[in-house]
1. Would you pick out the residues in segment B:366-392 that are in a helix (DSSP H, G or I), small (Gly, Ala, Ser) and closer than 16 Å to B:THR236 by Cβ?
2. Can you give me the ranges of the strands (runs of 3 or more DSSP E) entirely in segment B:105-175 with at least 2 residues that are more than 25 Å from the chain's Cα centre (by Cα) and among the basic types (Lys, Arg)?
3. Looking only at segment B:207-251, how many residues end up being closer than 13 Å to B:ALA290 by Cβ and β-branched (Val, Ile, Thr)?
4. Report, by residue number, each residue of segment A:197-218 that is more than 10 Å from chain B (Cβ to nearest Cβ) and either closer than 19 Å to B:GLY186 by Cα or surrounded by 15 or more Cβ atoms within 10 Å (Cβ to Cβ) (or both).
5. Which of the residues spanning segment B:146-195 are of a type outside the set (A, V, I, L, M, F, W, C), in contact with a strand residue (DSSP E or B) (Cβ under 7 Å, 6 or more places away or on another chain) and under 20 Å from B:GLY338 (Cβ atoms)?
6. Quick check, is A:GLU113 out of contact with any strand residue (DSSP E or B) (no Cβ under 9 Å at 6 or more places or on another chain) and either closer than 21 Å to B:VAL140 by Cβ or modelled with pLDDT of 75 or more (or both)?
7. Scan segment B:268-313 residue by residue and report those that are touching a Gly at 6+ places or on another chain (Cβ under 9 Å) and outside any helix (DSSP H, G or I).
Amino acid sequence: MGGSFDRRPGSKYAGLAFFAIGVACFVLAGLLVYSFSGKIVSGPSETVAGPAPTIDRAGGRKEAPTPATGGAGPGGAAEPTQGAPWVLYITGEVRSPGVYSLPSGSRVFQLVEAAGGLGPQADPVQVNLASPLADGVHVHVPSLRADSPVSPSVAGGSSGSPPASISFIKDARVNVNTASAAELETIPGVGPVTARAIIDRRETRGPFRSVEDLLDVKGIGPKKLEAMRESVTVR
Amino acid sequence: MRREETDRQGVPFVPREGLARAPLVFPLAGLSVSLASVNRGIPAVVAALLAPLVVAGLVLVLSERRPPRLLPYAGGLALMSFIVSIFCCTVLVRQPPLPEGTVSERGTVVLERSWGARRAVLVDAEADRYLLKLPPDRHVMEGDLLSFSGVARRIAPREGSSFREDLYWSARGARIEIEASSTSRGDGGPSLASWRTALRRRMLLTLPPRTRGYMLAAVLGVRDPDLDEAHRRWGTSHLLAVSGFHVGLVALGLWKILTSALVRTRVPRRVAVAAASLVLWGYALLAGGAPGALRAAIMLQLLLLGVALGRRGNALNSVAMAALFLLLWRPAWFFDVGWRLSVIAAMLLAALAERCLSIWTLPASSVLVWLAAYPQVAAVFGSVPLAGLLLNLVALPLFSALYPLAFFLSAPLLVGLPGGRLLASAAEGLFTLWEIAADSLAGLTPWTAGWNPVLAALGGGLFVLTVAGGLYPLRGRTVAGAGVFLLIAVLVL
């Protein structure tokens, strides 16, 4: 290719020939795209990944903030509707717990704001302030204090739909790192001998780091662990 | 009048332009066309063939005269672009092997974010990085050790939605989703993710609201919903997404400190470069490893290496190299709007810096960046606030001072020093003043620009033309070459 062109820097014809060959390259690329388009995936896709579609508050138009914005994810944000106000109950580490009336479509952070904001002992990481609410829900904001172990649960929600009720309730599971022998014996399949073995294990080798570590305890095998799993926790 | 110069062998001196100025811009253009094509269903091999054609086409239509060593340079770049493209296209279309039966694994949570009514969690397990979508009540935080079991499935695009969830998560390293039937959380021990969580908790608990929002965004890449909404209205959302602006601020501050230390203590230059690199990458990763932050970190790392080796790089070439590195790492970044905006803005500014960027041309460059970003932003968000045109002129210089100042004012409160609350209140006051000013300025231009193909074509055209102008002198040939490329790209893709 190079030998056929005039090597002088200012050659007009070389420049024109370059341009023509360059356009030919583009045209060839275009022909390839035209010929092979849609061979693998049916239908063109001009989509752009990254944003997560949500609903625009003002007009109900679909909008898609970038994931980096921390905006709600796809399919997610419940669209605020102009219905009757919701009655919501909030307890725990907020400045003014109680029952509040908020516009439908509100989220947890709005309820927390209505309740005067998070208290000094509130654990903001443990409560999803962006979570959508529903009429009649009870939100409990957990505390950072170690003596109030809470594990939130959602009543009436499924994994695919917004929870109908958000309620953070006291955890009924036994923390194997702090429980006494009597408390350990309340776990299904754990008698006095196994309870003693659990305590021995944590005293000799330090706290359990995960529920699976219970397999190190003499008398607890995979089957027993599965039976215990729902009743124990590690903190 | 131009002086005719020759080198020692008597070969006429030709100013560095095109291939010699920023060679990697060409393979980046080729790879971009290949990836866009493979997303249209073109087989990976054919899509990869487009890259060398685009490289050759661009070199030829833009070169008014025969560049020195054309064949080895252009041929080498075309070959390189083919190899890079076939690798990236193959990685992009390859289906990951799916584990059979129930997957029971344990791993560290490296990302946790809202995902509709659920929380999306990325877990680095032994075998792979998995995506889990959990109900919001499961208190899984970054840095936790998560044990889970469930059925694995490939992340697929959702029917009836333009959002490509598969590409979004692929860019973040996950291609398999676990429909978890059971999960249990444990302490994951010290890790970058757990440090992020601890810092986040500390900021949430101690800092006043506005300062908290800005510090969370700048340090950890976490956005406050209210602040996010306000910045979207003002057209300054990029200030909240950790990008080249933030990484550049950190690098500049650090460099100033190190160079003054160099003068005083005679610290070897290479030691200073190593220390600066460490802090640079530490910050980019602490801030969540967003594409803009990573792109900027790679660029600045190249700059630092240049300083260490006593060589000066080309900004346009550095942007292209950083973009290529990210695509080689995870080709799905190409479809991420964050990656696109970051690369577009950086390339545009780098191209302008090659020619005419100065304090006087800054307003024009702000308009150019707005126009160049418009097709992407309008396609994704539906509209672009015009307030950004005005506010960015004020916001960028203001935040380059405000962010470091707010960081130093809030640090005492974060570490629990006496008097910290007073200093943090000062930062809060400054941010409140900014809010008032921004609202007033945004009130002057309350309009938004919806999707408009003519404006999008203008934005795209100006981008291509500016980058071409950064590579070659802006003459009729450059305009014609850029125009042909843009025309064919629009017609074909």
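1. Matches in segment B:366-392: B:SER366, B:ALA373, B:ALA387, B:GLY388.
2. The qualifying strands (runs of 3 or more DSSP E) are B:145-154.
3. The total comes to 4.
4. Correct list: A:ALA197, A:ILE198, A:ILE199, A:ARG201, A:ARG202, A:GLU203, A:ARG205, A:GLY206, A:LEU214, A:LEU215, A:ASP216, A:VAL217.
5. B:ARG164, B:TYR168, B:ARG172, B:GLY173, B:ARG175
6. yes
7. Residues satisfying the conditions are B:ALA287, B:GLY288, B:GLY289, B:ALA290, B:ARG312, B:GLY313.
Residue-wise test of (1) of a type in the set (Lys, Arg); (2) modelled with pLDDT under 90.
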site: B:VAL273; (1), (2): no, yes
site: B:SER277; (1), (2): no, yes
site: B:ARG295; (1), (2): yes, no
site: B:SER318; (1), (2): no, no
site: B:PRO331; (1), (2): no, no
site: B:ASP336; (1), (2): no, no
site: B:THR361; (1), (2): no, yes
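The values are calculated or read from the model by the stated rules, or taken from the named source; none is laboratory data. From a predicted model like this one, the values you see are computed outputs, not experimental measurements. Neighbour counts run over all protein chains shown; Cβ positions are idealised from the backbone, glycine included.
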